[in-house]
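Novice: Once you've had a glance at the structure underneath, I'll fire off some questions.
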Number of protein chains: 2
Amino acid sequence: VKQFWLIMFLCAGAFSQNAPPDTLVSPEVHPDGRVTFRIRAPKASEVTLAGDWMPANGREAMKKDAEGVWSVMLGPLPPSIYLYTFSVDGLTVADPVNPRVKLRSRTSASLVEVPSDPPALWQVRDVPHGKVEIHWQRSAVLNGETRWIWVYTPPGYAKETKRRYPVLYLLHGSNDVAPGWTLAGNANLILDNLLAEKKATPMIVVMPYGHAVPFGSPRELQAKNTALFEQYLLQDVAPLVESEYRLAAGRDNRAIAGLSMGGGQALTIGFGHLDRFSAVGAFSAAVPADFETRFAGALSDAKGTNAKLKLLWIACGRDDFIWERSKALDELLSKRGIEHTFRATEGAHTYTVWRQYLGEFAPLLFRPGR
Amino acid sequence: VKQFWLIMFLCAGAFSQNAPPDTLVSPEVHPDGRVTFRIRAPKASEVTLAGDWMPANGREAMKKDAEGVWSVMLGPLPPSIYLYTFSVDGLTVADPVNPRVKLRSRTSASLVEVPSDPPALWQVRDVPHGKVEIHWQRSAVLNGETRWIWVYTPPGYAKETKRRYPVLYLLHGSNDVAPGWTLAGNANLILDNLLAEKKATPMIVVMPYGHAVPFGSPRELQAKNTALFEQYLLQDVAPLVESEYRLAAGRDNRAIAGLSMGGGQALTIGFGHLDRFSAVGAFSAAVPADFETRFAGALSDAKGTNAKLKLLWIACGRDDFIWERSKALDELLSKRGIEHTFRATEGAHTYTVWRQYLGEFAPLLFRPGR
């Protein structure tokens, strides 16, 4: 047995043979919701922690012990999944020993989960689970590049053979990636839990990669992202989804929503294609600056637009650095008589509010009689 | 347009408002296969690079420029996907600006892809793609913990309604995670490419999480991992897969293989359940030290075992730190007259050889007449 264990240890250490696996624990979530963060950096002269629960530009100082481990205990933090990074003498890094990584288009961060008891809507509960299916598609619009698309299917979908489902296109923010809504947004668990409580209609949720123009491109190119993404979504992604899944026909069965950059995309693509979509959700949206002029037609025809848009749902946190954008959109829509919901909430520009918004938005979709 | 871009920029910068997105590029893969690695760490006094293409304990020194960016150009490296980390004054970190992260049970590393032209077997080619489906399952064996299981389905699987498929259980190594065989091993692309060339039988590939006992547990507990994982695989994972997929019946249609720790698990579970499995693959395996005594029965009944084991495929690189284990297994099996293949290759304990092994192993599975 000893020899067996030795081999296991060596295998784990492969590629880090020169450094035995660190036994450091970080983050450590305490039962009361306080969290201890640790990083071993004996030679550093200053280490700080940044977390998405802190105010903008907030940082917490960390203290070094005799063994060169920097730590800080914070909280209690309200139950959620938070992003954080360390700054080690000015170098921003994810937590080296925390396996829960927030994947991004560029750079990465770490995630820490402070659970709720009983489990919150975004947590795993003992309910039937849907699947998330990853497709690889060669995109004609994107010059033959192969992109992945993450797709949620509700519990029981594979066992059905006839039933057809409505579809929600759910878009992520800038610097995020296709897995974001699953691995940080817990969209699949939120839907599972809503469905178990019969609070939502079973739906397919399509989560493509939102950077059609490479993230980090020069600004002239970056400005073309939404237009190119729109082509990609409508000409590559939608046909694949229509072909691969049993989707219910017609605009009544199609919705589009997104967060931040994805909220801007949902507004632009939704308003631009009211023949295709009957519901639009904009979470902490990067509302396009030209929204009023671009959609002058739809905005001046309140009756026609209201007849088409069964649900226009806008939400933003009052501490969000782009709060004014959502507020201005709300006022514009009200002035023009466009029916909509504006959820002004607590919170900032983080997945903490986006999980909450999905939990409020999804139950409003695809309701019979609306 | 300017204002629009500004918002996009701000959204990307959310949670890092205090530091505008770094424009640093790392890794930069040059057309000739050389790679430049960079990290901005102005205050560090020593930065080195470790990569899984280097000999054990190998490190490359990096040099700092006037702006505090450390860099080194290496190679040309043969086409593959490599793991690497930086050591900044002794702190091991993934590349902070490289979004391609090798997820692990503990710690993480970065991946760099040196492409081949024409594309290698593990690269995306213009062929029909299968899907990878993520299931969430509450495990009875693991006290109600919910674990995910990644499952590859071949192109066309969802469109078929009657055809039944054989299944390969494909296990990862120590400190790896369920997504490892997909995100670093490219198992899905390897299968897609083999299928496009009609070099393999369409199969379902099941990739569960191999740490039933938490990775990093004390050694007494860690030693029980394979036994507990075996229960989990056979009592939780297999029934889910049998229920969710159209699997062909019988042991002839079931194989089990794995790399490193997973190779040890495949040998243990395969030999322990020859009633269930007809093929076993052990890639750079952590061959259990008690293999000879534990499976004394099967080893002393060469005729019976050979009749059951249609394929026993063992592979290891000559530079692998556990090469001797595979070599000793080969010799033991030969001595006992157990039919098997032993592929002694170049290479070490890395995904570079494991992708190659899967590409050689998969075509040998589920062949009619064997």
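The values are calculated or read from the model by the stated rules, or taken from the named source; none is laboratory data. In this text, all values refer to a predicted model and were calculated from it rather than measured experimentally. For neighbour counting, all protein chains shown are included, and Cβ atoms are generated from backbone atoms with ideal geometry for every residue, glycine included. Ligands, DNA and RNA are excluded from the accessible area calculation, which covers all protein heavy atoms including side chains. Shrake-Rupley method; radii C 1.70, N 1.55, O 1.52, S 1.80 Å.
Novice: Kindly give Rg over Rh for segment A:255-296, based on alpha-carbon atoms, with the Kirkwood expression for the hydrodynamic radius.
Specialist: Expressed as Rg/Rh, it is 0.95.
Novice: Another question, if that's okay. Please report the orientation-averaged projected area of chain A, defined via the convex hull of its C-alpha atoms, in nm².
Specialist: Mean shadow area of the hull around the Cα atoms is 22.4 nm².
Novice: Based on a Kirkwood Rh over C-alpha pairs, give the Stokes-Einstein translational diffusion coefficient of segment A:161-204 at 4 °C and viscosity 1.567 mPa s in µm²/s.
Specialist: Estimated via Stokes-Einstein, D reaches 109 µm²/s.
Novice: Moving to a separate point now. What is the Rg over Rh value, at two decimals, for segment B:178-280, using alpha-carbon atoms and the Kirkwood definition of Rh?
Specialist: Looking at segment B:178-280, the ratio lands at 0.98.
Novice: Under 5 Å between amide hydrogens, which residues at least 5 positions from B:Ala289 or on another chain qualify, with H placed 1.01 Å from N in the peptide plane?
Specialist: A:Phe4
Novice: Suppose we take every Cα in segment A:229-299 and form the convex hull; what volume per residue is that in Å³?
Specialist: Enclosed volume per residue, from the Cα hull, is 89 Å³.
Novice: Moving on. Quick query: amide H of B:Lys102 versus all other amide H atoms, modeled in the peptide plane; which residues come in under 5 Å with a sequence gap of 5 or more or a different chain?
Specialist: B:Ala109, B:Ser110, B:Leu111
Novice: Separate question: Between B:Asp117 and the same site in the other copies, what are the distances in nm, shortest first, taking label points 7 Å from Cα along the C-beta direction?
Specialist: In nanometres, ordered from closest: 5.9.
Novice: Per residue, what volume in Å³ does the convex hull of the Cα atoms of the protein assembly as shown enclose?
Specialist: Value for the protein assembly as shown: 149 Å³ per residue.
Novice: Hey, what's the per residue convex hull volume over the C-alpha atoms of segment A:38-116, in cubic angstrom?
Specialist: Taking the convex hull of the Cα positions in segment A:38-116, it is 104 Å³ per residue.
Novice: Now for a different question. So what J values fall out for segment A:67-83 if you push phi through Karplus, 6.51 cos²θ - 1.76 cosθ + 1.60 with θ = phi - 60°, rounded to Hz, Gly and Pro as x?
Specialist: 3J(HN,Hα) across segment A:67-83, in whole Hz: 8, x, 9, 8, 8, 7, 10, 10, x, x, 9, x, x, 4, 10, 10, 9.
Novice: Could you please put B:Trp148, B:Trp313 in sequence from largest to smallest accessible area, using a 1.4 Å probe?
Specialist: B:Trp148, B:Trp313
Novice: Placing +1 at every Lys and Arg Cβ and -1 at every Asp and Glu Cβ, with all other atoms neutral, what dipole size does segment B:188-330 have around its Cα centre, in debye to the nearest 20?
Specialist: About 280 debye.
Novice: Would you please calculate the Kirkwood hydrodynamic radius of segment A:201-346 over all C-alpha pairs and express it in Å, rounded to one decimal?
Specialist: 15.9 Å
Novice: Please report the antiparallel percentage of the DSSP beta bridges confined to the protein assembly as shown, to the nearest 5.
Specialist: Bridges in the protein assembly as shown are about 65 percent antiparallel.
Novice: Over 25 Å between C-alpha atoms is what I'm after, so list which of A:Lys162/A:Lys303; A:Lys162/B:Lys159; B:Lys162/B:Lys198; B:Lys310/B:Lys335; A:Lys159/B:Lys162; B:Lys159/B:Lys308 land there.
Specialist: A:Lys162/A:Lys303; B:Lys159/B:Lys308
Novice: Report, to the nearest whole %, how much of the accessible area of the protein assembly as shown belongs to carbon and sulfur atoms, 1.4 Å probe, protein only.
Specialist: Carbon and sulfur: 52 percent of the exposed surface of the protein assembly as shown.
Novice: Given the protein chains as shown and a 1.4 Å probe, how many square angstrom of B:Arg367 are accessible, to the nearest 10?
Specialist: 110 Å²
Novice: In addition: In 5 Å bins starting at zero, report the fraction of Cα pairs in segment B:126-205 per bin as a rounded %.
Specialist: Taking every Cα pair in segment B:126-205, the percentages come to 3, 14, 22, 23, 17, 12, 6, 3, 1.
Novice: How do A:Asp126, B:Asp192, A:Asp330, A:Asp32 stack up against each other in accessible area, from largest to smallest, with a 1.4 angstrom probe?
Specialist: Ranked from most to least accessible, the order is A:Asp126, A:Asp32, A:Asp330, B:Asp192.
Novice: Right, next: For chain B, modelled as a GNM with alpha-carbon contacts under 10 angstrom, which of B:Leu24, B:Leu171, B:Leu267 fluctuates the most?
Specialist: Evaluated over chain B, the most mobile residue of the options is B:Leu24.
Novice: I would also like to ask the following. Taking the alpha-carbon distance from A:Lys199 and a cut-off under 15 Å, which aspartates and glutamates remain once sequence neighbours fewer than 8 residues away in the same chain are dropped?
Specialist: Once the sequence-local aspartates and glutamates are set aside, what remains near A:Lys199 is A:Glu360.
Novice: Put the label 7 Å from Cα along Cα→Cβ for B:Arg276; what are its distances to the other copies, in nanometres, shortest first?
Specialist: Going from nearest to farthest copy, the values are 4.6 nm.
Novice: Quote the charge dipole size of the protein assembly as shown about the Cα centre in Debye, to the nearest 20; the model charges only the Cβ of Lys and Arg (+1) and of Asp and Glu (-1).
Specialist: 1680 debye
Novice: In Å², rounded to the nearest 100, what is the total accessible surface buried by chains A and B against each other with a 1.4 Å probe?
Specialist: 7300 Å²
Novice: What does DSSP give for chain B in terms of the percent of beta bridges that are antiparallel, rounded to the nearest 5?
Specialist: Here the share of antiparallel DSSP bridges comes out near 60 percent.
Novice: A further question on this structure: On a 1.4 Å probe surface of the protein chains, which of B:Tyr84, B:Tyr209 comes out largest in accessible area, and what is the full order?
Specialist: So the residues, ranked largest to smallest area, are B:Tyr209, B:Tyr84.
Novice: In Å², and per residue, what accessible area does segment B:261-370 have when probed at 1.4 Å with the other protein chains present?
Specialist: 38 Å²
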